[in-house]
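Quick notes on the structure that follows.
The values are calculated or read from the model by the stated rules, or taken from the named source; none is laboratory data. The structure presented is a predicted model; accordingly, all values stated were derived computationally and were not measured. Cβ: placed from backbone, ideal geometry, glycine included. Neighbour counts: every protein chain shown. Remember, those area values only see protein heavy atoms, side chains included, never the ligands or the DNA or RNA. Shrake-Rupley method; radii C 1.70, N 1.55, O 1.52, S 1.80 Å.
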Amino acid sequence: MDREEYRIEPPWAGERLDSALAALCGVARTEAQRWLSAGAVQLNERPAKGSVRLKEGDRLSLVRPEPVEWQVGPEEIPLNIVYEDAALLVVNKPKGMVVHPAPGNPSGTLVNALLWHCRGELSGIGGVVRPGIVHRIDKDTSGLLAVAKTDAAHRSLAEQIASHRFLREYRAVVYGALKTPEGTVEAPIGRHPADRKRMAVTEKNAKPACTHYRLVEPLRGFSHIACRLETGRTHQIRVHMAYIGHPVAGDPVYGPKKVIAALGGQCLHAKTLGFLHPLTGEELRFDSPLPDYFTGFLRKNQ
């Protein structure tokens, strides 16, 4: 297999090797750690541990091991496919669907459905349980996801995400009236120091995170906003909006204790995706209409 070479530049300087490798290659951190354990990665022409902190100018090289054989089975689950060709597809995920298998959700996921639809023709870079998955959205977030069918497409899309050339715009309803019609939250996100299942704005073991937001429509007690991600941290919009005092409506983790039962989770929709086609270089842009749960909540609070 071909050897891949990376030169470390900001913002990767200071990051752990395993975290940076996962982000640069568009794979899960566990997969990057598997490569490191297999001796497939070199730092400045020497083997290195995943916990090593990178420096600007460091040189990473790797030969990716063969993907582990799938342990996840295909399931005949309907998919709302917005676009598909030989390299990739764009899927409109419904609220309530988990993206990939994990403890507590071993089946019925988007990955299970993709394995059925694509007959196994998915990128292997994501490892055993994440074939084709380049980026994710939460179970109770609806909207658009790009999925890679080939390793080359996966690498291209992951590089566009890492270099902030991959457009991801969301719509959300948040609590309260915004003080300004638009703004930017630039605050690092890491694991919550007291609850490992949650994320938080923190300086400890955190990664830079940036969210741009603008008001779409004021509502009674809420605001309908658009959010554009410059980075893609876990729960980023939910954490950032809660951090500035406007948690996402219905968010059971970062919002008020009083849950909005009618929403069944956060009112958050991945509405727009934009990127360059990995093979042709054509600029692609996709837009998803707001789903019924979202428009119904808007009507109720206008």
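Of all the residues in the range 213-234, those that are over 22 Å from residue 12 (Cβ atoms) and open to solvent by less than 40 Å² (accessible area, probe 1.4 Å) number 8.
Annotation note: of 98, 82, the sole residue that is touching a residue at least 40 places away in the same chain (Cβ under 8 Å), assigned to a loop (DSSP other than H, G, I, E, B) and under 16 Å from residue 135 (Cβ atoms) is 98. Hey, residue 125 hits all of (1) assigned to a loop (DSSP other than H, G, I, E, B); (2) modelled with pLDDT of 95 or more but one; which does it fall short on? Every listed condition holds for residue 125 apart from (2).
Residue 22 passes every criterion in (1) touching a residue at least 40 places away in the same chain (Cβ under 8 Å); (2) under 17 Å from residue 157 (Cβ atoms) apart from (1). What do you reckon, is residue 291 modelled with pLDDT of 95 or more and at negative phi? So residue 291 passes the test. Of all residues in the range 275-289, those satisfying the criterion of being surrounded by 15 or more Cβ atoms within 10 Å (Cβ to Cβ) and more than 15 Å from residue 159 (Cα to Cα) are 284, 286, 288. No other residue among 237, 244, 225 is within 19 Å of residue 184 (Cβ to Cβ) and touching a Lys or Arg at 6+ places or on another chain (Cβ under 8 Å) apart from 225.
The criterion of being more than 19 Å from residue 147 (Cα to Cα), of a type outside the set (Phe, Trp, Tyr), crowded, with 16+ Cβ neighbours inside 10 Å and within 22 Å of the chain's Cα centre (by Cα) holds for residue 244. When restricted to residues that are outside any loop (DSSP other than H, G, I, E, B), among the aliphatic types (A, V, I, L, M) and farther than 20 Å from residue 230 by Cα, the range 242-296 contains 3. Every condition in (1) open to solvent by 30 Å² or more (accessible area, probe 1.4 Å); (2) in a loop (DSSP other than H, G, I, E, B) holds for residue 171 except the one numbered (2).
The residue of the range 106-162 that is surrounded by the most Cβ atoms within 10 Å (Cβ to Cβ), among those that are over 18 Å from the mean Cα position of the chain (by Cα) and of a type in the set (Ser, Thr, Tyr), is 150. Considering each of 54, 79, 36 in turn, give the residue that is open to solvent by less than 20 Å² (accessible area, probe 1.4 Å) and modelled with pLDDT of 85 or more. Within the list 54, 79, 36, the selection yields 54.
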